[in-house]
């Protein structure tokens, strides 16, 4: 057994584990070597079986897979290799055209520490409009109660907040949790479709729903990229310009 917990065969074989040595211990996506034709591809493992994807569309017979290894981390860019291509003049013009949204954001960031967000209907109305919160009244009530709770504990972690909200509303809401935390602490990143696409992130879904571990991995990747990117001169320039 190697010190990192992998078996010696996997270490000697560039991380590959032959099927005769055992199957993965955890469900999830893996790189596999399959036969007929012999190739390396991705497969999903769960309940002792191999599937073509996380939606279980096609089950692959066990003889088809001859070796497996964990999936590499997704490309997420970093301060050295990935910088969004942004035309500053065009970006400033877009902000001018979206003056109403800029005003809403400024209002949110100014008022969040002045009011009880669980009770203040004006704050909730502006926040809902700016971030396009399309949920029912009961969901919004729970959300803004948690929002006020997070204000009282600025060190609230993304994973715990996501889990608590999920228990109360029955769904995982990574985007709205990130927007809550980013309002309380401007150093926290936003999770939305544009950010995921820009960084090449695509958290896995099963039956149309996100898997918690994939959400945490993606958020941590976004957070790391955001932290590193802010150190770059170009990022400082954008911040100075108000982009």
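A short reminder: the numbers here are calculations on the coordinates, not readings from a lab. Because the structure is predicted, anything quoted here is derived from the model rather than measured. A quick note on method: Cβ atoms are made from the backbone with ideal geometry, for glycine too, and the neighbour counts reach across all protein chains shown.
Quick one: length gained pulling residue 106 to residue 136 fully straight, 0.36 nm per residue minus the C-alpha distance?
Separation in residues times 0.36 nm, less the Cα-Cα distance, equals 8.3 nm.
Relative to the present Cα-Cα distance, how much length would full extension add between residue 115 and residue 164 at 0.36 nm per residue of separation? List each step's numbers first, then the result.
Values: separation 49, 0.36 × 49 = 17.64 nm, distance 2.28 nm.
Once the chain is fully extended between residue 115 and residue 164, it gains 15.4 nm.
Along the Cα→Cβ direction, 7 angstrom out, place labels at residue 122 and residue 187. What is the inter-label distance in nm?
For residue 122 paired with residue 187, the spin-label model returns 3.1 nm.
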